[in-house]
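Enquirer: Structure in structure tokens, see below.
Bear in mind that the values in this text are calculations on the coordinates, not laboratory data. Quick caveat, the model's predicted, so the values are computed rather than measured. For neighbour counting, all protein chains shown are included, and Cβ atoms are generated from backbone atoms with ideal geometry for every residue, glycine included.
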Amino acid sequence: MATGDVLPGPVVEAADLTRVYRSATGETYALRGVDLALLPGSLTVVAGPSGSGKSSLLTLLSARERPSAGELRVLGGDVAGASAALLRRLRHRRIGYVPQRASTGLFPHLTAAAHVRQVASWRRDRHADVDAVLDVVGLGARGGHRPATMSGGEQQRLAVAMALVARPALVVADEPTAELDHGHADRVLDALAAAADEGSAVVVSSHDPRVTERAGRLLRLRDGVLSSETAQSRETVAVIDNAGRLQLPPALLARFPSRRVVVEADGEHVRLRAPEDPA
């Protein structure tokens, strides 16, 4: 597939996605059984409090880590089973990634323009308009500057420009507006939305209302679990995972202090109520 082509099906497919981090003190579940699909031309925002699993999810979706369990296909490839070389080629050529700390993806000896040009070469686009890409994120006058002479916000916008050049099939951005003022945040969001309009699947993590209100689809994570989904219709639905577990919104949990619920089916309707004897 050439850079910029639109895939006929989902760009990302995940089923029962689980990520466990192991240390000397034990295991920590960052993600528990997440199911999702990302389509070409979509703008998806993943929201949730700190520690909810947003960054872990985006790291997996960008093929930077392998899942501990479950299935994950990115651009047709099985992330769990692919070789390290294949995943590296996939990341370079077809995935745009904005890390939460932009400086981790920058080279101190390269200018801003050289960074964008380097990524364009990885994506085999010899005709990329580097100046235009920098201008989109407000760095048109900073192309000759190296990271050490740029502010944190400028480095973040450079990371966005690198992610978007040559229109990759998948763009993954982890808190891309965290260090930006309103004006520059709007420019970055406009650029991400334009990438989706041009056919890329764009997924962004954030708890910033400026970002969540722009989402075509809003996914909320809580304790590593996908708890709710809001589509363009603005109807919010709870999520049932493959094991049949229903994730209730936090506002409803107070109605079930025992964490037990009676499920009653009445024709076409299903009703949940607290048990009379919670013991």
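Enquirer: How do the peptides 189-197, 246-254, 139-147 rank, highest first, by the average count of neighbouring beta carbon atoms within 10 Å per residue?
Expert: Highest to lowest by the protection proxy: 189-197, 139-147, 246-254.
Enquirer: If you find the alpha carbon centre of the stretch 90-133 and of the stretch 172-224, how far apart are they in angstrom?
Expert: After rounding, the separation between the Cα centres reads 19 Å.
Enquirer: In the neighborhood of residue 165, defined by Cβ-to-Cβ distances under 15 Å, what is the net charge if each Lys or Arg adds +1 and each Asp or Glu adds -1?
Expert: With Lys, Arg at +1 and Asp, Glu at -1, the net is +4.
Enquirer: Let me know the charge dipole size of the chain about its Cα centre in debye, to the nearest 20, where only the beta-carbon of Lys, Arg (+1) and Asp, Glu (-1) is charged.
Expert: I would put it at about 880 debye.
Enquirer: Let me ask something else. Which of 56, 107, 29 sits farthest toward the positive end of the charge dipole of the chain, with +1 on the Cβ of Lys and Arg and -1 on the Cβ of Asp and Glu?
Expert: 107
Enquirer: Within the chain, what's the longest run with no GluC sites (Glu not before Pro) in a DSSP loop and at most 11 other beta-carbon atoms within 10 Å? Give the range, please.
Expert: That gives 1-212 as the longest site-free run.
Enquirer: Hey, another quick one. What is the sum of charges, Lys and Arg at +1 and Asp and Glu at -1, for the other residues whose Cβ falls under 15 Å from the Cβ of residue 77?
Expert: That sum, taken over residues with Cβ under 15 Å, equals +4.
Enquirer: For the chain, count all C-alpha to C-alpha pairs, find those more than 27 Å apart, and express that count as a whole percent of the total.
Expert: 43 percent
Enquirer: 7 Å from Cα along Cα→Cβ at both residue 39 and residue 270: what's the point-to-point distance in nm?
Expert: 2.3 nm
Enquirer: Could you check the spin-label model distance between residue 84 and residue 27? Points 7 Å from the Cα along Cα→Cβ, value in nm.
Expert: A separation of 2.4 nm, rounded to one decimal place.
Enquirer: May I ask what percent, to the nearest 5, of DSSP beta bridges between residues of the chain are antiparallel?
Expert: 65 percent
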